[in-house]
Amino acid sequence: MLFASNGRSSIGRALDSKSRCWGFKSLRPCFGLDALRFTGRALISKSVGGPWGFMAKVQRETLLKSIVSTDIYQRKQGRVLRRCTAGAIVLVCVLASQALYHSVLLDLSGPWAYGAVVAFNVVGLWFAYRAINYPVFADFLIDVESEMMKVTWPSWAELQRATIVVLATMFIFSLLLFGYDIAWKAFLELTGVLRLAPTPPPPST
């Protein structure tokens with residue numbers, strides 16, 4: 001339905017007692033452009049910086065609260081993937097601190113350089129701990145692990161059979177390609193299309 005400020009209907013004039021129209025459906029639309037503009041101005045005036053600014057403010061507050069909090073989100077769900085993710089983040093932080101120590105921190109004295117490396121690793125450890133407990137990211141990891149649990153993994157015998165089939169197929173196709181290459185080389189040499197330079201004899205000693 002298109003909204004219009006002064007619209008009129010071309011069909012029936014049935015009484016509409018449940019809506020806030022002018023008594024009949026055919027007189028005017030229930031919501032005109034003026035009403036929509038007024039409602040939009042009211043909603044925007046109630047939020048700080050408009051609706052998008054209000055949502056961004058809520059997101060910032062939620063992220064900041066999650067960083068400084070010590071709560072564990074959904075402790076018993078997604079354990080394996082969340083721990084692996086935290087371990088990967090810690091490993092990246094350790095490697096980054098080592099690279100930082102051997103590049104940027106070379107000019108610093110020993111205690112200051114060691115302190116900077118330790119502080120960097122502590123911050124990385126806390127970031128890894130809070131990242132896997134941030135609700136949005138934690139829910140994603142929990143969903144991924146739950147979907148992975150639904151996967152039907154092959155047995156050891158099925159894995160062996162599939163591996164043999166793949167290796168045999170690769171070997172057969174390699175032989176076929178080698179045979180095609182030899183046949184086309186011989187055919188092109190016979191027709192004179194391909195002319196290879198003779199191999200020079202080895203130098204005499």
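Below, the figures for the structure above:
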quantity	calculated
Cα-based shape type of region 73-149, given that a ≥ b ≥ c are square roots of the gyration tensor eigenvalues and the cut on a/c is 1.5	prolate
Note, ³J(HN,Hα) from phi for region 78-91, Karplus 6.51, -1.76, 1.60, rounded to Hz, x at Gly and Pro	x, 4, 5, 5, 5, 5, 5, 5, 5, x, 5, 5, 5, 4
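Laboratory data are not the source of any read-out in this text; all were calculated from the coordinates shown. Remember, it's a predicted structure, so these values are computed and weren't measured experimentally.
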